[in-house]
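Have a look at the structure below, then the notes.
Nothing in this text is a laboratory measurement; each read-out follows from the coordinates by a stated rule. All values reported here derive from a predicted model rather than from experimental measurement. Ideal geometry is used to build each Cβ from the backbone, glycine not excepted, and the neighbour counts take in all protein chains shown.
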Amino acid sequence: MYTGKKVRLRAYRKEDLSLRLSYINDPEILRTIVSDIPYPLTLQEEEKWFESISALQDTYKFAIETLDDLRFIGGCSINDVDWKNSTATIGIFIGDKTYWGKGYGTDAVNTLVSFIFNEMNIHKVRLTCYALNERAIRCYEKCGFVEEGRLRQEIYKDGRYYDKVAMGILREEFLNLNT
Ligand SMILES: CC(C)(COP(=O)(O)OP(=O)(O)OC[C@H]1O[C@@H](n2cnc3c(N)ncnc32)[C@H](O)[C@@H]1OP(=O)(O)O)[C@@H](O)C(=O)NCCC(=O)NCCS
């Protein structure tokens, strides 16, 4: 369990799944986290996903829980680790929209990135984000991520094409901001 200022990152529990499903199937969230056709997920798929999580691998999924009322509000993940080049790719969603814009996402990203730099000894954390997702881009910028490039018209949503934005933060940059 890893604790920030507003949230902690903990292992998923089976009882999180139905709430997680409702978060992920919210069209506003689905459009920001999937690049393919946003069909709703089923509880059966969620259960299979849950069974696939293991602490005995590089990639990992954390549930995000509020510190004040222990509410499960979303999830974040280490999606990919390249040990040779020392990079890790992350993702996040705050599924309870009443918590958006209140600093929970920023705190969860900071807690996750701190874990990656301090516990995994990784050199760079990276992510990609759709250009339409200005809230997420702002959240990552607040954590110290910088835009490193854009894949033009990479994503088709709502009847038009959007750029995909690549962002990253180096260990030294994160430590300078957080010590
Ligand atoms: C993206 C997400 C994780 C951010 O979490 P959050 O708790 O809402 O973020 P925070 O409150 O920490 O920060 C959001 C910032 O964006 C700003 N913001 C909100 N809407 C914005 C917009 N349309 N344009 C620009 N900035 C915006 C907020 O004002 C805040 O900045 P501030 O603190 O300087 O005022 C969360 O909104 C979420 O999960 N969204 C759905 C899933 C998703 O988009 N995941 C990321 C995929 S890359």
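Given a Förster distance of 22 Å, report the FRET efficiency between ASP69 and LYS14 from their Cβ-Cβ distance, rounded to the nearest 0.05.
On the way: r = 21 Å, r/R0 = 0.94.
My answer for the efficiency is 0.60.
Which of ARG150, ARG138, ARG13 moves the most in a Gaussian network model of the chain with Cα springs under 10 Å?
Of ARG150, ARG138, ARG13, the most mobile in the Gaussian network model is ARG13.
Enumerate by residue number the trypsin sites (Lys or Arg not before Pro) in segment 17-114 meeting two conditions: DSSP loop (anything except H, G, I, E, B), and at most 12 other Cβ atoms within 10 Å of the site's Cβ.
Qualifying residues, ordered by number: LYS84, LYS102.
Using a Gaussian network for the chain with springs between C-alpha atoms less than 10 Å apart, which of these wobbles most: VAL165, VAL109, VAL34?
Highest fluctuation of the listed residues: VAL34.
Rounded, prolate or oblate: pick one for the chain, where a ≥ b ≥ c are the square roots of the eigenvalues of its C-alpha gyration tensor, a/c under 1.5 means rounded, and failing that, prolate if a/b is larger than b/c, else oblate.
Judged from the Cα gyration tensor, the chain comes out rounded (a/c under 1.5).
If you restrict to DSSP beta bridges whose two residues both lie in the chain, what percentage is antiparallel, to the nearest 5?
Just about 90 percent of them are antiparallel.
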